[in-house]
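Here's the structure, in structure tokens; my notes come after.
The values are calculated or read from the model by the stated rules, or taken from the named source; none is laboratory data. Since we're looking at a predicted model, the values are computed, not measured. Cβ atoms come from the backbone with ideal geometry, glycine included; neighbour counts cover every protein chain shown.
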Amino acid sequence: MSKAAPLLIALAIGLGVAAALRDAADRWVDRTILPMTLAETSVEIRDRRGELLRAYTVGDGIWRLSPDADHVDPGFVQMLVRYEDKRFRDHSGIDPLAFLRAIGQAMWNGKPVSGGSTLTMQVARLLEDGSTGRWAGKLRQIRVAMALERRLSKDQILTLYLTHAPYGGNLEGVRAATLAWFGKEPNRLTSAESALLVALPQSPETRRPDRFAGQARSARDRVLARMQTQGLIDSDEARVAMGADLPDQMHRFPQVAAHLADRIRSDDRSARRHDLTVDARVQAALETLVANAARRAGPRVSAALLVADHHSGEIIASVGSANYDSIGGRQGFVDMTRAIRSPGSTLKPLIYGLAFDQGLVHPETLIRDGPVTFGSYSPQNFDGEFRGDVRVREALQLSLNIPVVKLTNELGPARVMAALRQSGADPQLPGGAPGLAISLGGIGLSLHDLVQLYAGLAQGGTGPMLRVDQNAQRQNAGRLVSDVAAWQVGHMLAGLTPPPGAPTGVLAYKTGTSYGHRDAWAIGYDGRHVIGVWMGRADGTPVPGAFGGDLAAPVLFEAFGRLKPGFDPLPPPPAATLILSAAELPLPLRRFRPRDAVFSRPKDAPKLIFPPSGAQLPVSGGEVTLKLRGGAAPFTVLANGRPVASGLRRREFEIPYPGKGFSTLVVIDTMGLSDRVTIRVD
């Protein structure tokens with residue numbers, strides 16, 4: 001045997017042992033049971049541009065927001081890797097060079113100076129919440145780290161670190177850290193901010209900048225100094241960053257559209273992210289507006305506001321109360337956009353629109369505002385006064401009760417209820433069948449329902465269903481009224497006198513006050529948006545002296561001002577719209593008469609008292625004398641269907657001889673009311 005033979009045999013045995021150890025190590029790593037890598041992250045509610053509206057802690061009270069590595073500042077990621085694990089992209093879970101360096105430094109200094117843990121090993125420790133001090137714990141981290149490297153990509157491992165790294169208190173992950181310490185998302189960070197975020201996870205409690213500013217500053221500056229040494233930042237940038245102030249307290253996490261967020265989260269517990277149609281900037285501005293309005297209105301008064309685009313149905317803002325708490329006894333935790341309340345006079349526009357479509361009235365039709373009784377129900381106007389004959393336009397603009405109850409009686413309460421449901425609203429009745437009082441607020445509706453109703457009117461009688469989920473498909477509500485009736489209603493509402501200082505003719509709006517001053521409403525729309533405002537007390541107790549026109553209407557106009565710089569114009573009338581003066585209207589539309597008026601004569605209708613019907617008269621001088629009672633001059637007389645006299649103002653007059661035999665005489669007053677008799681002339 002040659003002298004080289006034993007060396008070759010030893011080499012072969014060594015290689016075999018090494019291969020066996022390698023295979024055993026591979027099997028050891030492959031058999032590793034990994035901890036859960038899909039940890040629970042905070043539910044997030046985002047606005048139409050992806051801006052965070054609200055987030056919720058996970059089950060153990062931790063803020064752990066899911067990061068999107070593509071939206072984390074690349075400068076921070078580069079600084080993190082350079083400082084913690086500069087060969088992160090090259091190793092398979094452990095870095096032998098870093099281990100040797102750490103051991104050498106410890107031996108030279110007599111104590112640990114730097115760690116040899118890679119980012120992957122740190123992820124392994126974070127996932128298992130394990131220790132780093134004991135060899136058994138370190139060995140476990142090595143095993144899990146190597147298994148993670150075999151089963152996940154480098155970017156996935158980095159994302160796990162950005163999700164779980166501790167940043168003090170109950171903060172985990174870079175997004176929770178930047179929101180809490182800097183009040184912003186991590187997509188753009190300064191060098192000083194990045195360095196603090198690199199240093200914090202190494203000792204998250206003793207380096208908290210709000211409690212241990214000295215330690216936090218020293219740790220941050222060490223990171224900056226090393227980054228300067230490695231050439232990642234220059235000396236000027238390092239000097240400026242070292243001089244930057246540290247945050248001295250945690251920022252509150254966003255809590256915008258809180259009531260809406262709670263409801264969305266409750267409706268779907270499985271989703272971790274909800275993208276809404278809400279505009280965070282508009283929402284925040286209107287939350288401030290509502291809080292200020294409630295504070296001016298007095299103690300315990302709350303308010304709610306809802307904004308929607310009536311073209312698309314998208315809800316732009318939803319303010320559930322003046323404060324999302326119980327400060328001042330306002331019961332701010334109650335979402336008053338969904339609370340069922342009496343709508344007061346806000347349903348009157350719908351009833352007039354239905355009456356237009358049924359041919360009962362026109363905006364210029366005269367209607368009597370006077371005492372009336374329907375069975376045991378005798379409606380009264382809010383001020384207790386009567387105004388006599390008024391135009392329908394004025395009756396709506398003055399919000400008179402008696403005219404609208406008359407129309408409701410003709411339409412039937414069931415028709416009004418059906419129209420409400422067609423609009424997409426969900427009306428609630430206190431009990432039993434609907435009665436005439438529904439036109440004055442004797443029904444339960446929410447602010448959301450009323451905005452839904454007015455969106456339909458704004459869109460020519462049929463609008464979209466309101467929606468807040470960006471991913472929801474658009475759905476249309478049923479038709480309420482014709483496009484002509486919807487325009488007529490809007491045109492009348494645009495003629496209401498606005499609050500002092502507000503522009504005229506730009507909003508079609510209606511105010512309302514429920515019985516006992518419990519609810520003050522203002523709902524209005526321009527050519528693009530519809531806004532509803534409610535003010536009152538959440539517990540339903542009265543607010544003495546509260547009126548929709550005084551409390552809610554100014555808030556409505558101010559809300560439009562905060563929504564956008566100007567008003568979108570209201571639409572022009574449809575081609576089929578009948579725009580006439582009262583005198584030009586067809587006779588049946590000049591004055592409102594109930595459908596059964598032909599069977600029940602009005603008390604003030606004209607009455608022919610001579611000659612009586614059936615009388616037999618001799619010819620006397622070629623004329624016939626007529627005597628009349630009641631009616632409104634001037635009068636017109638028809639004989640056998642042909643006019644024989646007009647412009648008569650006396651109640652006793654002669655008409656030409658109508659001809660021998662039987663004749664029918666008809667007298668018509670200026671209001672279109674008439675009487676007739678049949679006589680025989682010899």
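Odds and ends about this structure:
- Test result for Glu193, closer than 23 Å to Gln122 by Cα, assigned to a loop (DSSP other than H, G, I, E, B), of a type in the set (D, E, K, R) and in the same structural domain as Asp85 (by TED's automatic domain parsing): no
- Within segment 336-375, being of a type in the set (S, T, N, Q) and either in contact with a helix residue (DSSP H, G or I) (Cβ under 8 Å, 6 or more places away or on another chain) or over 30 Å from Thr670 (Cα atoms) (or both) holds for Thr337, Ser342, Ser345, Thr346, Gln358, Thr365.
- Taken over segment 174-194, the residue count meeting the criterion of being touching a residue at least 60 places away in the same chain (Cβ under 8 Å) and more than 31 Å from the chain's Cα centre (by Cα) is 4.
- Identity of the residue in segment 217-260, assigned to a loop (DSSP other than H, G, I, E, B) and of a type in the set (Val, Ile, Thr), that ends up farthest from Gly183 (Cα to Cα): Ile233
- Filter result for Phe567 (aromatic (Phe, Trp, Tyr), assigned to a helix (DSSP H, G or I) and out of contact with any Gly (no Cβ under 6 Å at 6 or more places or on another chain)): no
- Within the option set Gly332, Gly320, Gly353, Gly370, being among the small types (Gly, Ala, Ser) and either at positive phi or surrounded by fewer than 21 Cβ atoms within 10 Å (Cβ to Cβ) (or both) holds for one residue only, Gly370.
- If you check Arg338, Arg265, Arg300 for being basic (Lys, Arg), in contact (Cβ under 8 Å) with a residue 12 or more places away in the chain, closer than 25 Å to Val43 by Cβ and part of a loop (DSSP other than H, G, I, E, B), only one passes: Arg338.
One line per residue, one yes/no per condition, for (1) part of a loop (DSSP other than H, G, I, E, B); (2) in contact with a helix residue (DSSP H, G or I) (Cβ under 8 Å, 6 or more places away or on another chain):
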site	(1), (2)
Trp487	no, no
Pro498	yes, yes
Ala502	yes, yes
Lys510	no, yes
Gly516	no, no
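- Residues in segment 384-396 that are loosely packed, with under 11 Cβ neighbours inside 10 Å and part of a loop (DSSP other than H, G, I, E, B): Gly384, Glu385.
- Residue satisfying condition, being touching a His at 6+ places or on another chain (Cβ under 9 Å), farther than 30 Å from Thr373 by Cα and among the hydrophobic types (A, V, I, L, M, F, W, C), within set Ala458, Ala494: Ala458
- Whichever residue in segment 22-59 is hydrophobic (A, V, I, L, M, F, W, C) and surrounded by fewer than 16 Cβ atoms within 10 Å (Cβ to Cβ) and, among such residues, is modelled with the highest pLDDT: Leu38
- So Ser439, is it among the polar types (S, T, N, Q), in the same structural domain as Leu507 (by TED's automatic domain parsing) and touching a Lys or Arg at 6+ places or on another chain (Cβ under 6 Å): no
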